[in-house]
Amino acid sequence: MKFNFFLKSFIIGLVIILIASCDREINEIGSGIVGDEHYGLNVQHFDVLAYNQDLGPVQTNDLPINQLGYYNNPVFGKTKASLFTQVNLATVNPTFYSPTIDSVYLYVPYYGKLVETNSDTGNSTYTLDSIHGNGKINLGVYESDYDITYDASSGLQQLSKYYSNQKPDFDAKIANSGVKLNNDNKNIFDHTAPDDNSQNSQFVFSEKQILFYKKDASGNAGYTDVASRKAPGMFLNLDKSFFTNKIFNAPAGKLYNNSTFNTYFKGLYFKVDEAAGSADQGTLAMMNFSRGVVTIVYKDKTSLTDATVIRKELNINLNGHTVNLLENDNNYPGYVPPITTYGDANLYLKGGNGSMAVIDLFNGDKNDNSTDLNAMRDNKWLINEANLTFYIDKSKIGTTAPEPNRIYLYDLTHNRPLLDLYTDYTTSTNSKYNKYIHGGILLDENSVSVKQADGGRGTKYKIKITNYIRNLVKYGGSTVDKDSTNVRLGLVVTENILNAGINYLKNPFVTSSTSTSGTSLTTKYFPIMSVVNPLGTILYGSNPSVPIDKRLKLEIYYTKPD
């Protein structure tokens, strides 16, 4: 890459940011993304080739965010998301004298935002983020005897690969005779209500604050005076007898360090099924289990010689290795086998172990000396803007299915972002909307970003690839600039465009050719942030049967030298 090109790109990006900050309030993403005015510019549209690609099982160990729950998407069908996590002692080699457990609880905070705090009561209200559906799920927390292994080829430094379809393997390793650890049947918010089962078979993701109450003189909770509070999260009372035996009665040396502890207490398994009465709905949440903790509250002497008994806590962190286990219907209404010659009429993007789209620019001509590109070079086009607009097929996606906030276009040949992502320096108060000039954000018919929390529905996604096309025209695949080669592109849903990490596909797929060699291209990786996202959308594709106003095209605005 020439230094001059990077310098020019930086200056252009800086100017765009300054103009945007003067004309629009960046903090208000819904007020508009980027203007569509192109006064005095020439415009031309080019055919592209776009078709579907099914993914199959995807690598799901150690994801930055995990799915948990059961959800029946009105378009794509049912998803069950279970999870295995290793556990670690917050304080290793603890000393016990004659401990007696008072309570054991598990807490994993949800993603959410504080709305307000009542100055009189001290209680707060919250709104939750990244939760889909409003039904119940059947949640069982079990001890797992699954022995996570390390890859010998990495010198036992990296975890072996685990995939989304391995739930039967973890089901077979449920320990402790299959006893459910979250066996308390009281409501976690109204502790006096028995036979509620909201901590297990009728579990709900609630936005309510977790309250801890002071005990009276008899040692009983009075449920009137609040001792402390926690933000909304998964809060479960766990079986005290299990942790008495597992921790306080552990054989000598098993709690010495976490390496030994991991071989003794291999982990917890959060198994999810549909709840009675919620088979047609359920709820699925995005969660960061590394922030979770199991807290054992107990009483114990201060030493062997001092009989004084005090309250103590022992924390077990849920910050070990994880594996997300996904069971999907993956129903795609109107789906047909991919048409790799003319492109598909619809593009089905689905996160998790779902599907993606493969895109070739310039009508699928992968030769860098194609007629279209040569004509641009010969006529010395100056590329002012280039973009792809993906229109949503509203007749198939309907009006009730949640829509992905963003889609991500990347270099499928090299499994990396496009140059336009790197050279976009725009930011927002919500990091999910950073790099909004490059785009991919859900938009309405007026090109304004859609706030689904307000009940909005999208009509399209627009992605600017100006620098990518500019390089193709200016350098033409020469060795002068390594980023000027016309590559095959991948299109997926994403949870966060700022994370460009990739994971393995269990079954690599093959596309017909690369950009230069004419040989097949084998793809064995997939963007992590698409694995994380459970949502999907249905877009119009490039097939000639698609109405021209909805058909996928490459749109280029340009000027010619005088």
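The values are calculated or read from the model by the stated rules, or taken from the named source; none is laboratory data. Bear in mind the structure is a predicted one, so any value in this text is a computation, not a measurement. Please note: Cβ atoms are built from the backbone with ideal geometry, for glycine as well, and neighbour counts cover all protein chains shown. What goes into the accessible areas is simple: the full protein's heavy atoms, side chains included, and nothing from ligands, DNA or RNA. Shrake-Rupley method; radii C 1.70, N 1.55, O 1.52, S 1.80 Å.
Table for the structure above
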read-out	value
Any hit, the stretch 273-294, residues being surrounded by fewer than 22 Cβ atoms within 10 Å (Cβ to Cβ), outside any strand (DSSP E or B) and of a type in the set (Val, Ile, Thr)	no
Test for VAL92: is it crowded, with 18+ Cβ neighbours inside 10 Å, modelled with pLDDT of 95 or more, more than 21 Å from the chain's Cα centre (by Cα) and not small (Gly, Ala, Ser)	no
Residue match in the stretch 257-266 (condition: in a strand (DSSP E or B) and under 30 Å from the mean Cα position of the chain (by Cα))	no
Candidates ASN183, ASN187, ASN245 - the one that is of a type outside the set (Gly, Ala, Ser) and part of a helix (DSSP H, G or I)	ASN245
All strands (runs of 3 or more DSSP E) inside the stretch 390-467 with 3 or more residues being open to solvent by 10 Å² or more (accessible area, probe 1.4 Å)	460-464
Members of the stretch 310-359 found to be more than 29 Å from GLY398 (Cα to Cα) and within 27 Å of the chain's Cα centre (by Cα), listed by number	ILE316, ASN317, LEU318, ASN319, GLY320, HIS321, THR322, VAL323
Members of the stretch 486-506 found to be part of a loop (DSSP other than H, G, I, E, B), among the charged types (D, E, K, R) and open to solvent by 10 Å² or more (accessible area, probe 1.4 Å), listed by number	GLU495
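Residues are listed down the side, and each one gets a yes or a no for (1) among the charged types (D, E, K, R); (2) touching a Leu at 6+ places or on another chain (Cβ under 7 Å); (3) at pLDDT 95 or above:
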| position | (1), (2), (3) |
| --- | --- |
| ILE296 | no, yes, yes |
| THR322 | no, yes, yes |
| ASP360 | yes, yes, no |
| ALA375 | no, no, no |
